[in-house]
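Here the structure is laid out as structure tokens; the discussion comes afterwards.
Here, each number is a calculation from the coordinates, and none is a lab measurement. Just so it is clear, the model here is predicted, and its values are computed rather than measured. All Cβ positions, glycine included, derive from the backbone under ideal geometry; neighbour counts span all protein chains shown.
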There are 2 protein chains.
Amino acid sequence: MVINVNVEFLAKDATKAVGRGDLIIVIDVLRCSSTIVTALYNGARAIIPAKTLSEARKLRAKNPEYLLAGERGGLRPPDFDLGNSPLEYVREKVFGKTIILTTTSGTLALINSRGAKWVLVGSFLNARAVAEKAFSIACEEEVGISIIQAGTEGRFSLEDFICSGAILSRLPDESVGFSDSAQAALLAFRYAKNDLYANLMRSNHSKKLIKLGFGEDIKFSSQMDIYAIVPLFRGGIITKINSNY
Amino acid sequence: MVINVNVEFLAKDATKAVGRGDLIIVIDVLRCSSTIVTALYNGARAIIPAKTLSEARKLRAKNPEYLLAGERGGLRPPDFDLGNSPLEYVREKVFGKTIILTTTSGTLALINSRGAKWVLVGSFLNARAVAEKAFSIACEEEVGISIIQAGTEGRFSLEDFICSGAILSRLPDESVGFSDSAQAALLAFRYAKNDLYANLMRSNHSKKLIKLGFGEDIKFSSQMDIYAIVPLFRGGIITKINSNY
């Protein structure tokens, strides 16, 4: 069997992948998906994506023990516990916690993917782990794989594209059929991989983050395969995937 | 001055570039733009893109001396003089002729670009020539440059993406500001350029063309910088750009 593998460039195109019945991997390298992977690695119990600030605040009002996290315009709202920098999600702050997270693009891509049975979260940090898990589920369930790039303000984002290629590079070539967009991402990754950090720094979103003082987040998020964590989004909640799957 | 350079992945997005006031370069490597460049190189006087078969036939009825050319489903309609294979457009057939051309994706991208003052046609064959001309016009007129990929059946196409990168690689780095999509295309081209033919062969559209017996067209269209021809689409007609521009 050959697994069809596709890449969609925008959060709004998640619905196409849902329609195909594909397993979905959501990517928002800067910074939502890198943050989710890091939080789970550091022992967060669960992450609940919220679409709007007010939805996030309401959920917190009902659950005062949850942490309230996220950004608008890259910055932490003043009443929030955490922003959207993966470097903030250290063990001391997140271990055992449930985190309500609302971001501009990443949580939108997740929420648009809700109709799929399998929604995983990918980043450079867990590229190999998420690719291997996605492939094994896709073989088991006989479905395709679609990567959904969250993008930046509704537009194509370079860092998500390179990360798509990074994840695809961890799939077994001989058992997958890559779409044109998937092959394009693979080519870009193969050239960019010699200096991921420098290549991520060229993106429009990186330039904005640097201006806001988040340059270190880009460096951190460009590390490949450092965490063997696979986040699963199901029933409105993201948790570390259970090894029984 | 820095020239903003962008890439749009689909024919329908030409209208965005028109809205920005950009100079447009239309690409449909397999095969419309490769065919147009080859026809003009071999002395065709002009090419008139037509959206539909019936529009093309009507135009021909009024001008019996014109050649009728194009494809549907990759194949030449039986009453047409020429198909959409660049290899057909030899000097003996096209020198001094006006050609009515209707194709599935390429002519659509051209027609969607009509509102722009400058619409050039790009391919691997004329990558350097079209890049240099576009850059000099954009500097003169202080506008951005947008590459419009025709795509295949409304979808992202690998061969057009690699060709976008090929054209962008001929621009002077220090004087242009590449969008994320432009940078992505550049990365893919830089990896693919060591074997353009093999990389083009991986695309979905290539596989269809090979089935139809047009494998040689892919090989021909993957040659880079062999023609110093810059087609200009203006007033509904494509001609070789005048050296006065």
- Message: I'd like the Kirkwood hydrodynamic radius of the protein assembly as shown, using the inverse of the mean 1/r over distinct C-alpha pairs, in Å.
- Response: 23.5
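Treat every Asp and Glu Cβ in chain A as -1 and every Lys and Arg Cβ as +1, leave all other atoms uncharged, and give the resulting dipole magnitude about the Cα centre to the nearest 20 debye.
Working: 30 positive and 25 negative charges, 153 e Å.
Charge dipole, chain A, about its Cα centre: 740 debye, nearest 20.
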- Task: Report the residue, chosen from A:G74, A:G154, A:G43, that carries the largest GNM mean-square fluctuation when chain A is represented by alpha-carbon nodes joined by springs under 10 Å.
- Result: A:G154
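Pop out the Kirkwood hydrodynamic radius of segment A:123-181 from its pairwise C-alpha distances, inverse of mean 1/r, in Å to one decimal. Spell out each step's value before the answer.
On the way: mean 1/r = 0.0818 Å⁻¹.
Every distinct Cα pair counted, the radius reaches 12.2 Å.
For segment B:71-120, what ratio Rg/Rh do Cα atoms give with a Kirkwood hydrodynamic radius?
When Rh is taken as the Kirkwood radius, the ratio is 1.01.
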- Query: Given the options B:N84, B:N63, B:N112, which has the most mean-square fluctuation in a GNM of chain B, springs set between C-alpha atoms less than 10 angstrom apart?
  - Reply: B:N63
- When only DSSP loop residues count, what GluC sites (Glu not before Pro) in segment A:144-199 have their Cβ near at most 16 other Cβ atoms within 10 Å? A:E153
- Whole-Å semi-axes of segment B:1-67's equivalent ellipsoid, largest first, each the root of 5 times a Cα gyration tensor eigenvalue? 29, 16, 11
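Take every residue in peptide B:175-187, count the Cβ atoms of other chains within 10 Å of its Cβ, and give the average of those counts. Numbers along the way, then the final one.
Values: counts 0, 0, 1, 3, 5, 15, 7, 2, 9, 17, 4, 3, 15.
Partner Cβ neighbours, averaged per residue: 6.
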- Query: To the nearest 10 degrees, how steeply does helix A:180-192 sit against the main Cα axis of chain A, on a 0 to 90 scale?
  - Reply: 70
- Name the most mobile residue of B:I162, B:I226, B:I147, meaning the one with the largest mean-square fluctuation, in a Gaussian network model of chain B with Cα contacts below 10 Å. B:I226
- Of segment B:144-178, those with amide N under 11 Å from the point 7 Å along the Cα→Cβ vector of B:K211 are none
- Item | Projected label distance in nm at A:C139 and B:F95, using a 7 Å step from Cα toward the beta-carbon | 6.1
- Message: Using the Cα centre of the protein assembly as shown as origin and beta-carbon charges of +1 (Lys, Arg) and -1 (Asp, Glu), tell me which of B:A134, A:G83, B:F214 is placed farthest towards the positive end of the dipole.
- Response: A:G83
- Task: Could you tell me which of B:S181, B:I162, A:I162 has its Cα farthest along the dipole of the protein assembly as shown towards the positive end, charges placed at Cβ (Lys, Arg +1; Asp, Glu -1), taken about the Cα centre?
- Result: B:S181
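Segment B:1-135: D in µm²/s via Stokes-Einstein (Kirkwood Rh, Cα pairs, 20 °C, 1.002 mPa s)? Don't jump to the answer; show the numbers that get you there.
Numbers: Rh = 15.3 Å.
Roughly 140 µm²/s, to the nearest whole number.
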- Roughly what would the spin-label model give for A:N4 and B:K62, points 7 Å off Cα along C-beta, in nm? 4.3
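Which whole-number percent gives the relative contact order of chain B, counting Cα pairs below 8 Å spaced six or more residues apart?
Working: 542 pairs, mean separation 81.4, N = 245.
Relative contact order here is 33 percent.
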- One finds the C-alpha centres of segment A:68-112 and segment B:1-39 to be spaced, in Å, by 39
- Task: Count the net charge of all other residues whose Cβ sits under 12 Å from the Cβ of B:V5, scoring Lys and Arg as +1 and Asp and Glu as -1.
- Result: -2
- What angle do you read, to the nearest 10 degrees and between 0 and 90, between the alpha-carbon axis of helix B:53-62 and the longest principal axis of chain B? 60
- Note on the structure: With +1 at each Lys and Arg Cβ and -1 at each Asp and Glu Cβ, the charge dipole magnitude of segment A:150-232 around its Cα centre, to the nearest 20 debye, comes out at 340
- Task: Two decimals is fine: what is log10 I(q)/I(0) at q = 0.15 Å⁻¹ for segment B:3-234, from a Debye sum with one equal scatterer on every Cα and no solvent?
- Result: -0.92
- What Rg and what Dmax come out for segment A:158-245 when only alpha-carbon atoms are used, in angstroms? 15.2, 43
- Task: Extending each Cα 7 Å along its Cβ direction at B:L87 and B:K117, get the distance between those two points in nm, one decimal.
- Result: 4.2
- Task: Might you report the magnitude of the Cβ-based charge dipole of segment A:39-132 about its Cα centre, with Lys and Arg at +1 and Asp and Glu at -1, to the nearest 20 debye?
- Result: 260
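Would you mind giving the mean number of other chain beta-carbons within 10 Å of the Cβ of each residue in B:155-162, as a whole number?
Details: counts 3, 9, 3, 8, 2, 2, 7, 3.
For this peptide, the per-residue mean of nearby foreign Cβ atoms is 5.
Report the local net charge at A:A150: Lys and Arg +1, Asp and Glu -1, summed over other residues whose C-beta lies under 9 Å from its C-beta.
Numbers: positive: none; negative: A:D28, A:D160.
In short, -2.
From the helices alone, meaning DSSP H stretches of at least four residues, give me the mean residue ellipticity at 222 nm for chain B, per-run term -39500 (n - 2.57), in deg cm²/dmol to the nearest 500. List each step's numbers first, then the result.
Values: 11 runs with 98 residues, N = 245.
Calculated mean residue ellipticity at 222 nm is -11000 deg cm²/dmol.
For B:T107, what is the net charge nearby, where nearby means another residue's Cβ is under 9 Å from its Cβ and Lys, Arg count +1, Asp, Glu -1? Before the final figure, lay out the partial values.
Details: positive: B:K51; negative: B:D28.
For residues surrounding B:T107, the net value is 0.
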- Treating the angle as unsigned and between 0 and 90°, give the value, to the nearest 10°, between the Cα long axis of helix B:32-41 and the longest Cα principal axis of chain B. 80
- Query: Among the DSSP beta bridges whose two residues both lie in chain B, what percent are antiparallel, rounded to the nearest 5?
  - Reply: 25
